[in-house]
Amino acid sequence: MYTVPRSQPAALAALRDEIVGCRACPRLVAWREEVASTRRAAYRDEEYWGLPVPGFGDPDARILIVGLAPAAHGGNRTGRVFTGDRSGDWLFGALFRAGLANQATSVSLDDGLRLEDVYVAAAVRCAPPANKPTVEERDRCLPWLDREMALLERVRVVIVLGQFAYDVVGRRLGIRPRPRFGHGVEAAAPGGLQVVCSFHPSQQNTFTGRLTEPMLDAVIARAAALAGRD
């Protein structure tokens with residue numbers, strides 16, 4: 001049974017429970033549960049989460065980071081976004097170097113990781129087959145991000161990891177015209193929010209050098225500056 005840390009405000013904690021209980025997308029429910037049942041050989045002795053993955057972090061955050069969806073053997077296994085996979089190693093390593101996390105690793109719900117001034121979420125909350133949600137699944141999941149952002153009242157900057165997250169956040173914030181996605185691209189949203197784009201820290205991007213540690217560090221530093229952490 002999923003339990004919310006007592007430090008979370010009541011409304012955000014209640015929302016997290018709602019997210020975890022969602023079964024709105026039959027294809028995603030079937031896939032996440034199949035992965036949790038069959039498991040990867042390296043994790044065959046672990047009990048997979050196999051449920052939607054809520055956001056995680058500081059409820060008073062000024063920086064929100066939005067990715068695509070939980071990885072089948074990452075967040076879908078551990079129950080926390082960007083936890084237990086190489087993408088998470090890159091993201092939380094960068095947050096640690098920036099002084100926004102108390103440790104550079106994120107391996108499980110109870111590993112002691114704490115974020116300062118940062119909250120991390122995904123546009124889609126269930127692991128999708130081939131890491132590709134449908135348009136209908138994307139839109140069905142969007143209200144969760146809407147409600148999280150409404151509760152994260154201090155957010156000033158949104159870092160989007162990849163084109164998919166940028167499209168979702170840009171649409172949600174009503175950014176028009178929307179600059180073409182690219183690493184380091186910035187866009188101003190109505191109401192004063194700033195969006196900063198980064199390539200996703202996927203293995204495809206990090207192994208090929210399309211995204212390097214200095215590139216990711218630069219985006220996080222820029223977001224921190226825009227959020228007023230200087």
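The values are calculated or read from the model by the stated rules, or taken from the named source; none is laboratory data. What you are looking at is a predicted structure, and each value in this text was computed from that prediction instead of being measured. Cβ sites come from the backbone with ideal geometry, for glycine too, and all protein chains shown count toward neighbours.
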Subset of region 139-177 [assigned to a helix (DSSP H, G or I) and either crowded, with 20+ Cβ neighbours inside 10 Å or small (G, A, S) (or both)]: C141, W144, L145, E148, M149, A150, F164, A165, Y166, V168, V169, G170
Could you give me the residue pairs with C-beta distances under 8 Å whose first residue belongs to region 36-64 and is at positive phi, whose second residue is in a helix (DSSP H, G or I) and β-branched (V, I, T) wherever it lies, and which are 6+ apart or on separate chains? G50/V35
Residues of region 42-81 satisfying the condition of being small (G, A, S) and either touching a strand residue (DSSP E or B) at 6+ places or on another chain (Cβ under 6 Å) or at pLDDT below 95 (or both): A42, G55, G57, A61, G67, A69
Quick one: which of A189, A218 is more than 19 Å from the chain's Cα centre (by Cα), more than 20 Å from D58 (Cα to Cα) and of a type in the set (A, V, I, L, M, F, W, C)? A189
Right, R176: modelled with pLDDT under 95 and on the phi < 0 side of the Ramachandran plot or not? yes
Which one of these does L15 not meet: (1) of a type outside the set (V, I, T); (2) under 17 Å from L142 (Cβ atoms); (3) in a helix (DSSP H, G or I); (4) within 14 Å of the chain's Cα centre (by Cα)? (4)
Which of the residues that make up region 117-138 are part of a loop (DSSP other than H, G, I, E, B) and surrounded by 20 or more Cβ atoms within 10 Å (Cβ to Cβ)? D117, A123, V124, R125, C126, A127, P128, P133
For the structure I just gave you, tell me whether P201 is modelled with pLDDT under 95 and either assigned to a loop (DSSP other than H, G, I, E, B) or closer than 22 Å to V118 by Cα (or both). no
Where the second residue is part of a helix (DSSP H, G or I) and the first is among the acidic types (D, E) and lies in region 121-138, which pairs have Cβ atoms under 8 Å and are six or more apart or on separate chains? E137/R27; E137/L28
Quick check on this structure: which one of G192, G209, G182 is modelled with pLDDT under 95 and out of contact with any helix residue (DSSP H, G or I) (no Cβ under 9 Å at 6 or more places or on another chain)? G192
Test for D60: is it more than 19 Å from N131 (Cα to Cα), charged (D, E, K, R) and assigned to a loop (DSSP other than H, G, I, E, B): yes
Tell me which residues, restricted to region 204-218, are of a type outside the set (S, T, Y) and either part of a loop (DSSP other than H, G, I, E, B) or surrounded by 22 or more Cβ atoms within 10 Å (Cβ to Cβ) (or both). G209, R210, L211, L216
First in region 188-210 and in contact (Cβ under 8 Å) with a residue 40 or more places away in the chain and closer than 13 Å to L161 by Cβ, second anywhere and among the hydroxyl-bearing types (S, T, Y) and not in a loop (DSSP other than H, G, I, E, B), Cβ under 6 Å, 6 or more apart: P201/S87; S202/S87
